[in-house]
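> Let me begin by handing over the structure; questions about it come next.
The values are calculated or read from the model by the stated rules, or taken from the named source; none is laboratory data. Remember, it's a predicted structure, so these values are computed and weren't measured experimentally. Every residue, glycine as well, gets a Cβ built from its backbone with ideal geometry; the counts of neighbours run over all protein chains shown.
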Amino acid sequence: MASAAQVLPPSGDVSRLTKVWRGTWMFAAMVVTVIVVAVLLKPHQPADPGASKEPRAAAPIEPIRIVSQAVIAIAPDTPLQKELATTKVVTERSSAPLVSVSGTILAQVREGKGSFEDRWQFSTSELSSLYADWLRTLTEIEFAQSQLTKTKELAVADTTFLEANVKRLNSVPSGTVPEKEILQAKATLLQAQLQREKDVFSAESTLRTAVKQKSAIERNLSRAGIETMVFGQAAEHMVLVAANVPETQVSQIHMGQACEVRFYGYPDVVFPAHVEAISSTLTPERRTLRVLFDVTDDKGMLKPGMFAEVGLGTDERDSIQIPSTSLLHIGRSDYVLAAIGNDQWRVTEVRVGEVRKDRCEIQSGLKNGDRIISRGAILLKTLAGQSLTMPSRSANNAETP
């Protein structure tokens with residue numbers, strides 16, 4: 001018992017060792033905690049691409065993108081590309097009208113005997129009155145020209161006689177003829193010259209007035225839709241149809257051009273016609289050009305005032321027809337998407353003619369053999385419009401120092 005008591009440390013020594021041991025553990029725990037927090041707060045360093053054995057994920061495919069000005073690219077084997085269809089442009093012979101406009105019969109030559117100028121029948125009383133005034137001014141001009149010619153002839157004859165009389169009196173020996181008689185002959189000559197000048201001026205003024213009146217009436221007739229030149233080309237059964245052609249399509253109209261006319265009263269009958277006259281001015285309200293067409297009505301079916309549908313330009317020609325779904329109307333112009341290779345498409349401006357059912361005629365911008373997007377083009381309209389506003393590459397290269 002005595003030996004065992006000697007082995008055990010005193011109670012004060014045990015408590016001191018315990019405190020040292022506990023302090024050591026607390027310090028160790030605090031150091032470990034600091035290390036763990038430092039590791040957790042350390043920034044993440046990307047792994048070395050070369051050290052990674054796993055392949056990188058492929059970048060997503062862009063279905064459509066702008067390549068340059070007016071050029072877009074469509075990726076193959078994408079859902080968008082599968083929604084599109086293409087077609088090849090083919091030139092074909094056609095006689096379909098270039099332009100279709102509405103018209104009305106303004107005048108026609110009535111059946112009967114006598115001169116054509118007395119057989120014109122008009123759609124309105126205003127036209128009839130203007131035509132009568134125009135005929136009257138023609139008569140007045142003819143009369144005024146005749147009066148002017150005769151006045152000039154009279155002036156020449158009168159002054160020639162008086163000049164000869166004065167010359168005769170001056171040639172006689174001095175003292176044979178009284179001086180008073182010679183002076184009176186000279187005065188008579190001057191008075192006659194002055195009077196004849198007045199007469200010629202008056203006749204010329206009358207003629208000028210008649211010509212001005214004729215020009216004013218012709219302008220009024222032109223505004224009403226009739227060019228007076230057609231009255232000199234009158235023929236039996238002649239019918240004049242007037243139509244307003246939009247300013248944007250004026251370049252497609254020319255004199256003598258073949259046309260076809262269908263009247264609302266006879267929708268199943270096609271009347272061949274041609275351009276007889278073209279107005280010299282545009283209408284300021286609608287910016288249209290008045291065109292006159294000559295129709296022959298040998299059966300007496302037509303009447304002044306009847307409405308018609310006129311197809312201009314029915315001469316046979318080479319034509320390009322494309323689906324109307326190919327067109328993109330951007331701003332004030334029409335465009336199609338034409339292939340330029342490598343899944344790229346150029347936003348190509350075209351001039352469009354008549355649209356018939358689901359097809360339209362292209363007058364410029366495409367050629368035989370071009371490949372275009374025929375279905376689904378509307379899906380690309382927004383990006384196509386954006387590509388048109390991009391600066392060209394040449395402009396970018398010019399700005400680069």
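> Hey, any hits in segment 203-221 for a residue that's among the charged types (D, E, K, R) and either more than 30 Å from Phe122 (Cα to Cα) or touching a strand residue (DSSP E or B) at 6+ places or on another chain (Cβ under 6 Å) (or both)?
Yes; the residues of segment 203-221 include at least one that is among the charged types (D, E, K, R) and either more than 30 Å from Phe122 (Cα to Cα) or touching a strand residue (DSSP E or B) at 6+ places or on another chain (Cβ under 6 Å) (or both).
> Considering segment 344-381 alone, what residues qualify as being over 17 Å from Ile72 (Cα atoms), of a type in the set (A, V, I, L, M, F, W, C) and in contact with a strand residue (DSSP E or B) (Cβ under 6 Å, 6 or more places away or on another chain)?
Listed by number, the residues that qualify are Val350, Val352, Cys360, Ile362, Leu366.
> Another question about this same structure. Search segment 165-207 for residues being surrounded by 13 or more Cβ atoms within 10 Å (Cβ to Cβ) and charged (D, E, K, R), and hand back the single one that is nearest to Val291 (Cα to Cα).
Glu204
> Here's a follow-up. Check off (1) surrounded by 13 or more Cβ atoms within 10 Å (Cβ to Cβ); (2) over 30 Å from Ser102 (Cα atoms); (3) at pLDDT 90 or above for Met390 and give me the number that stays unchecked.
(3)
> Report the residue count in segment 325-358 for those that are loosely packed, with under 14 Cβ neighbours inside 10 Å and closer than 15 Å to Lys88 by Cα.
The number of residues fulfilling the criteria is 1.
> Regarding Ile141, is this residue assigned to a strand (DSSP E or B) and not assigned by TED's automatic domain parsing to the domain that holds Phe263?
no
> Would you please list the contacts, defined by Cβ atoms under 6 Å and residues six or more apart or on different chains, that run from a residue in segment 210-230 that is of a type in the set (Lys, Arg) to a residue that is crowded, with 18+ Cβ neighbours inside 10 Å?
Lys214/Thr137
> Pairs needed: first member in segment 54-83, surrounded by 10 or more Cβ atoms within 10 Å (Cβ to Cβ); second member anywhere, modelled with pLDDT under 65; C-beta distance under 9 Å; at least 6 residues apart or different chains.
As it stands, the answer is Ser68/Arg393; Gln69/Arg393; Gln69/Ala395, since those pairs meet every condition given.
> Go over the candidates Ala273, Ala339, Ala308, Ala277 one by one and state the one that is assigned by TED's automatic domain parsing to the domain that holds Lys88, part of a strand (DSSP E or B) and among the small types (Gly, Ala, Ser).
Just a single option satisfies the conditions, and that option is Ala339.
> Residues in segment 290-304 that are in a strand (DSSP E or B) and either within 13 Å of Gln257 (Cβ to Cβ) or modelled with pLDDT of 90 or more (or both): how many?
Selection size over segment 290-304: 6.
> Next up: Counting only residues that are acidic (Asp, Glu) and assigned to a strand (DSSP E or B), how many does segment 342-353 have?
Of the residues in that region, 1 qualify.
> Something else now. Inspect all residues belonging to segment 222-232 and state whether any of them is more than 28 Å from the chain's Cα centre (by Cα), surrounded by 15 or more Cβ atoms within 10 Å (Cβ to Cβ), among the acidic types (Asp, Glu) and within 30 Å of Phe143 (Cβ to Cβ).
no
> Still on this structure, I have one more. Going through Val166, Val101, Val177, Val156 one at a time, which residue ends up being more than 27 Å from Val211 (Cβ to Cβ), β-branched (Val, Ile, Thr) and in a helix (DSSP H, G or I)?
Val166
> For segment 106-120, which positions are out of contact with any Phe, Trp or Tyr (no Cβ under 9 Å at 6 or more places or on another chain) and either among the aliphatic types (A, V, I, L, M) or surrounded by 14 or more Cβ atoms within 10 Å (Cβ to Cβ) (or both)?
Arg119
> Would you confirm, using the coordinates I've provided, whether Thr176 is over 30 Å from Thr283 (Cβ atoms) and either in contact with a Pro (Cβ under 9 Å, 6 or more places away or on another chain) or hydroxyl-bearing (Ser, Thr, Tyr) (or both)?
yes
> Do we find a residue being within 30 Å of Thr228 (Cα to Cα), small (Gly, Ala, Ser), touching a Gly at 6+ places or on another chain (Cβ under 6 Å) and modelled with pLDDT of 85 or more anywhere in segment 120-133?
yes
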